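A.B. asks: Take this structure first; my questions come after.
The values are calculated or read from the model by the stated rules, or taken from the named source; none is laboratory data. Quantities reported herein were computed from a predicted structural model and do not represent experimental measurements. FYI the Cβ positions are ideal-geometry reconstructions off the backbone, even for glycines, and counts take in every protein chain you see. These accessible areas exclude ligands, DNA and RNA; they are computed on the full protein's heavy atoms, side chains included. Shrake-Rupley method; radii C 1.70, N 1.55, O 1.52, S 1.80 Å.
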Amino acid sequence: MSLTIRFTIALLLIAAVSMINHSYAACTEAGASSIPSPESHFGFTPGEDRMLFTYEEMIAYMKKLEELSPKVKMEQIGYSELGRPLYLLFVSSSGNIANIDRLKDINRQLALKPDLTDSRRENLVDEGRVFFLMTLSMHSTEVGPSQAAPLIIYEMITSDDPKMQFILDNTVYMITPCHNPDGMNMIVENYKKYKDTRYEGASLPGVYHKYVGHNINRDFVTLAMSENEAIARAYSKEWFPQLSVERHQMGSRGPRYFVSPPHDPLSENILPGLWNWKRIFGSRALTAMTDAGLQGVSVNYLFDMYWPGCTSTGLWKGIIAMLSEAASVDIATPIYIEPNELTVTGKGLAEYDISINMPDPWPGGWWHLSDIVEYERVNTLSYMHTAAIHREEILSHRNDITRKEVERGRSEAPFYYIMPREQHDRSELADLVNLLDKHGVNSYRLTTDRLIDNRLHKAGDIVVPLAQPYRAFIKEVMEAQDFPVRHYTRGGDMIRPYDITSWSLPLHKGVEAVEINIKYEIPEEVLEKIEIPFRFKADRPDSYTGALFTAVNNESYKAAFTAAEMGLNVERLAENITIAGQEFPEGSFYIPFQREIDDLTDRLLVQPYFITGNFEANTTEWHVPRIALIESWFHDMDAGWTRYLFDTYKIPYKVLRPADLQEADLAGNFDVVLLPDQSEAVLMAGKGGRPGDYTITRYPPEYAKGMEQKGLNNLLAFLDNGGNIVSWGRSTEIFMGNLSIEDENDEKQEFSLPVSNIGSRLRNQGLDVTGSLLRVKLRPDHPLTLGMPEQTGVFHRGNPVFATSFPYFDMDRRVIASFPEDDILMSGFIENEKLLSEEVAMVWVKKGEGQLVLFSFCPQFRGSTPATYKLLFNSLLLD
């Protein structure tokens, strides 16, 4: 097709779209005045001091706009963890909204098709519109973005400004009105509860989510939370926006606003063009916001883009993904900041002063929710205008990324990841394949054996090619992380990561994945695309006497707890056995045939071994333990993740608050007391800081309570009289040093457990672990390590680290996990690794008639470390 003809077609298309838009505009001009303003709907202007609307009130307004304006469309994409509907809302010209299904298909083709002909691609770019996804207020105390949304939408659909029409003609504003609806309502209701009292602005007791609170933004690799799975599906598999920004708030005493680009360190798997586009959007936003008189806007400050766990994980999938952060108020109550209180962190800004990264500092004074709303409004419209100006370039760039990533997958190592069908834990392999599909990554099954780089890969092994549009994401989550060390100056301080430094899915799941780094092309005819959901299927006999679930699979524990919930009888192997060449270790679960067992096995990723004759192995009757889970009111995210894991695995529990331990009948009601990662100060005193240096919190006094010595005495007496306690991370500190138990006769027993924490000493000697996966050796043939391999990776932050000592009186100890002599780091970053050589990572302690299990690591860290789940499960099941 000649250039003249293509140009003529493009002009005709533009003219047609313009006629459609003006036709719609003419038809709806009279109706625009009937669109209710946010003020008329809510009874106040969003952003007004001390006024907030709930999620349902916001959605009701947006549905009204959809009903009255052809420029608005809403689509439900899922549900929150507490069952509230999640939506995408689209705003664009009337013509674009009417044609949105076609525009969606154009997005898909540009994002997923590297082999488009040049003419086909040009036509798609001419016809396409830039979709800009903005996710709002996932952190529910950060109310500004969601509270601003109605004002922004109303302005976009009622304004007659030619600049706004240009934006609507060329872009689609695409938002999640609130990423965390449950948390939004919790915060709004808590704020209203204490409004006009001395506790106005008090912290919400508990987490602002069913499970994870602030950590909802730490889940975009594992997609454990339903809200994140829905949003990732929207941008990875359905709508394929070219741009995104997740909108947050930050501390109150620094810059007023942050826009892209981010600070170092950066992911080295991202193509340069994506970083460069972020700078273009940030620079134009900085200019627009400063021109509008908005002071204190910063760039290249504090926030890096190394870790892919937040919504901006779309960056690894070809999306120009950005972050914004506004300075917070006291929920909705204005605050006053004195100039001497303004400060910066040193990451991008060393002083709070005029800088290339903050050219117009805010001088201090009153800061209102309405200020946040205005900053959000101006930033949003600037971003949308930039997207409209660069529409063709951005659409072309999306397909450029796809082409480059597929070509890199063909020409640069690694070329494939191959996961053997036979794994230590096959249920985690199946789960990994299904998770990759949720991210839009294709996996295949080898149909014949292949010899690659002197290793035989067998038929049935799983192949993940790198020649896919989301190559950067595949490499990022499949490889072991090697933190890119950068410094502020040559030989100076290291630039520390914003969050963790390890997220390798195979390593965190305990799945072997072979990286193919030699140039080799597996023929397409020997690759069979995997059907989702991926399962290990097995023929179930018409008649069988029971089912045997191997202890090496995490899913077997889920099956056992689910069976117990269904009222089925469950037994546990008391010995290792082999049946038909298949080994079943001690601790495997046996469920005699009962009518409901078929329904149970139909849900599983890995089918059990069905017994068709007499089963004569040595088993013990298995009972579900009565578990008390200690969760503080202090936004206890680790306890929330523990609840999530237990709910997922059908493990029953009861939540107790630390103060409840003072009066709880532990021995009468529980077999196990579990203390997840939480500080000693919170657990003991209901305060921040540390013993001897407590800080007052912002919780109402009825929630700022700890177990005190009385509760600790009750807990230790429970242990002494035969109860089991499981503790990890910071909570283990309450069991260190000199302890005592005082009975009802005022008789006092003083003792010190044969274990101590040497983590602080190692840190002072130079140990530095920034949230990494470390190798440990496991004690074989112990009830705590049933089903585990000889070594595994544990997610560690360097403190605590244990040392054991010789016990006395009625105590004993066994080291369950220890670091090897060398080669400790598996993924992430560690400095002075040798300091951990042969040190203790997990210990079992006997005291009186009870058992105490201490982890120096979180065995269920953010729901992302299945490799160590069985250590936790076995701890719960100790006899």
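A.B. asks: Filter the range 685-701 down to residues that are within 30 Å of I651 (Cα to Cα) and over 29 Å from the mean Cα position of the chain (by Cα), then give me how many there are.
C.D. replies: Qualifying residue count, the range 685-701: 1.
A.B. asks: Also, quick follow-up: For the structure I just gave you, tell me whether Y87 is out of contact with any Asp or Glu (no Cβ under 8 Å at 6 or more places or on another chain) and open to solvent by less than 50 Å² (accessible area, probe 1.4 Å). Walk me through how you get there before you give the answer.
C.D. replies: Details: out of contact with any Asp or Glu (no Cβ under 8 Å at 6 or more places or on another chain): no; open to solvent by less than 50 Å² (accessible area, probe 1.4 Å): yes.
So Y87 does not fit the description; no.
A.B. asks: Among the candidates T697, T732, which residue alone is buried (at least 17 other Cβ atoms within 10 Å of the Cβ) and in contact with a Pro (Cβ under 7 Å, 6 or more places away or on another chain)?
C.D. replies: Testing whether each residue is buried (at least 17 other Cβ atoms within 10 Å of the Cβ) and in contact with a Pro (Cβ under 7 Å, 6 or more places away or on another chain) leaves just T732.
A.B. asks: Name the residue that is surrounded by the most Cβ atoms within 10 Å (Cβ to Cβ), counting only residues in the range 262-286 that are closer than 17 Å to W316 by Cβ and under 22 Å from the mean Cα position of the chain (by Cα).
C.D. replies: P262
A.B. asks: Which pairs have Cβ atoms under 6 Å, sit 6 or more apart or on different chains, and link a residue in the range 289-304 that is over 19 Å from E351 (Cα atoms) and surrounded by fewer than 20 Cβ atoms within 10 Å (Cβ to Cβ) to one that is at pLDDT 95 or above and charged (D, E, K, R)?
C.D. replies: Listed pairs, sorted by first residue: T290/D360.
A.B. asks: How many residues, within the range 44-84, are in a loop (DSSP other than H, G, I, E, B), in contact with a helix residue (DSSP H, G or I) (Cβ under 6 Å, 6 or more places away or on another chain) and touching a residue at least 60 places away in the same chain (Cβ under 8 Å)?
C.D. replies: Residues in the range 44-84 being in a loop (DSSP other than H, G, I, E, B), in contact with a helix residue (DSSP H, G or I) (Cβ under 6 Å, 6 or more places away or on another chain) and touching a residue at least 60 places away in the same chain (Cβ under 8 Å): 12 in total.
A.B. asks: Return the pairs, sorted by first residue and then second, in which the second residue is part of a strand (DSSP E or B) and open to solvent by less than 30 Å² (accessible area, probe 1.4 Å), the first residue lies in the range 329-357 and is of a type in the set (G, A, S), the beta carbons are less than 8 Å apart, and the residues are 6+ apart or on different chains.
C.D. replies: Note: pairs meeting the criteria are G348/H263; G348/S298.
A.B. asks: Could you figure out which of (1) touching a Gly at 6+ places or on another chain (Cβ under 7 Å); (2) exposed (fewer than 15 other Cβ atoms within 10 Å of the Cβ) isn't true of E621?
C.D. replies: (1) is the only condition that E621 fails.
A.B. asks: Within the range 726-747, how many residues are at pLDDT 95 or above and over 28 Å from the mean Cα position of the chain (by Cα)?
C.D. replies: Residues that pass the stated criteria total 9.
A.B. asks: Any idea how many residues of the range 166-193 are surrounded by fewer than 17 Cβ atoms within 10 Å (Cβ to Cβ) and either under 23 Å from I106 (Cα atoms) or touching a residue at least 60 places away in the same chain (Cβ under 8 Å) (or both)?
C.D. replies: Looking only at the range 166-193, we keep the residues that are surrounded by fewer than 17 Cβ atoms within 10 Å (Cβ to Cβ), and these are 166, 189, 192-193.
With either under 23 Å from I106 (Cα atoms) or touching a residue at least 60 places away in the same chain (Cβ under 8 Å) (or both) added as a condition, the list becomes 166, 189, 192.
Result for the range 166-193: 3.
A.B. asks: For the range 606-629, state whether one or more residues are assigned to a helix (DSSP H, G or I), closer than 30 Å to N190 by Cα and not hydroxyl-bearing (S, T, Y).
C.D. replies: no
A.B. asks: Right, something else. If the requirement is being open to solvent by less than 50 Å² (accessible area, probe 1.4 Å), out of contact with any helix residue (DSSP H, G or I) (no Cβ under 6 Å at 6 or more places or on another chain) and at pLDDT 95 or above, which of these qualifies: A430, A472, A467?
C.D. replies: Sole residue among the options that is open to solvent by less than 50 Å² (accessible area, probe 1.4 Å), out of contact with any helix residue (DSSP H, G or I) (no Cβ under 6 Å at 6 or more places or on another chain) and at pLDDT 95 or above: A430.
Residue-by-condition table, conditions (1) in contact with a strand residue (DSSP E or B) (Cβ under 8 Å, 6 or more places away or on another chain); (2) basic (K, R); (3) without any contact (Cβ under 8 Å) to a residue 60 or more places away in the chain:
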{"position": "A803", "(1), (2), (3)": "yes, no, yes"}
{"position": "F806", "(1), (2), (3)": "no, no, yes"}
{"position": "S827", "(1), (2), (3)": "yes, no, no"}
{"position": "V843", "(1), (2), (3)": "yes, no, no"}
{"position": "G850", "(1), (2), (3)": "yes, no, no"}
{"position": "A867", "(1), (2), (3)": "yes, no, no"}
{"position": "S875", "(1), (2), (3)": "yes, no, no"}
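A.B. asks: Inside the range 771-795, can you point out the residues that are within 30 Å of Y498 (Cα to Cα) and not in a loop (DSSP other than H, G, I, E, B)?
C.D. replies: Across the range 771-795, the qualifying residues are S772, L773, L774, R775, V776, K777, Q791, T792, G793, V794, F795.
A.B. asks: If you don't mind, another one. With respect to L629, is the statement that it is closer than 29 Å to N724 by Cα, open to solvent by less than 50 Å² (accessible area, probe 1.4 Å) and over 29 Å from the mean Cα position of the chain (by Cα) true?
C.D. replies: no
Here's the yes/no breakdown for (1) over 14 Å from F615 (Cβ atoms); (2) in contact with a Pro (Cβ under 9 Å, 6 or more places away or on another chain); (3) open to solvent by less than 10 Å² (accessible area, probe 1.4 Å); (4) outside any strand (DSSP E or B):
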| residue | (1), (2), (3), (4) |
| --- | --- |
| A551 | yes, yes, yes, yes |
| A560 | yes, no, yes, yes |
| A563 | yes, no, yes, yes |
| G567 | yes, no, no, yes |
| E583 | yes, no, no, no |
| E586 | yes, yes, no, yes |
| I591 | no, yes, yes, no |
| D599 | yes, no, no, yes |
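A.B. asks: Shifting gears a bit: Is there a residue being within 32 Å of the chain's Cα centre (by Cα) and modelled with pLDDT of 95 or more anywhere in the range 29-46?
C.D. replies: Yes - at least one qualifying residue is present in the range 29-46.
A.B. asks: Have a look at N764, N724 and point out the one that is in contact with a strand residue (DSSP E or B) (Cβ under 7 Å, 6 or more places away or on another chain) and open to solvent by 10 Å² or more (accessible area, probe 1.4 Å). If you could, list the steps in order and put the result at the bottom.
C.D. replies: Details: N764 fails: in contact with a strand residue (DSSP E or B) (Cβ under 7 Å, 6 or more places away or on another chain).
Only one candidate qualifies: N724.
A.B. asks: Next question, about the same structure. Tally the residues that are touching a strand residue (DSSP E or B) at 6+ places or on another chain (Cβ under 9 Å) and either open to solvent by 10 Å² or more (accessible area, probe 1.4 Å) or at pLDDT below 95 (or both), restricting the search to the range 633-678.
C.D. replies: Final tally of qualifying residues: 16.
A.B. asks: Same structure again: When K438 is evaluated against the numbered criteria (1) open to solvent by 20 Å² or more (accessible area, probe 1.4 Å); (2) over 25 Å from D219 (Cα atoms), which criterion, by number, is the only one it fails?
C.D. replies: (2)
A.B. asks: Follow-up. Name the pairs: first residue in the range 750-779 and closer than 29 Å to K847 by Cβ and in contact (Cβ under 8 Å) with a residue 60 or more places away in the chain, second residue of a type in the set (F, W, Y) and open to solvent by less than 10 Å² (accessible area, probe 1.4 Å), Cβ to Cβ under 6 Å, at least 6 apart or on different chains?
C.D. replies: Final answer for the pair search is L753/F735; V755/F802; V776/F819.
A.B. asks: Report yes if I157 is part of a helix (DSSP H, G or I), in contact (Cβ under 8 Å) with a residue 12 or more places away in the chain, touching a Ser or Thr at 6+ places or on another chain (Cβ under 6 Å) and not acidic (D, E), otherwise no.
C.D. replies: Here the answer is yes, as I157 does meet what is asked.
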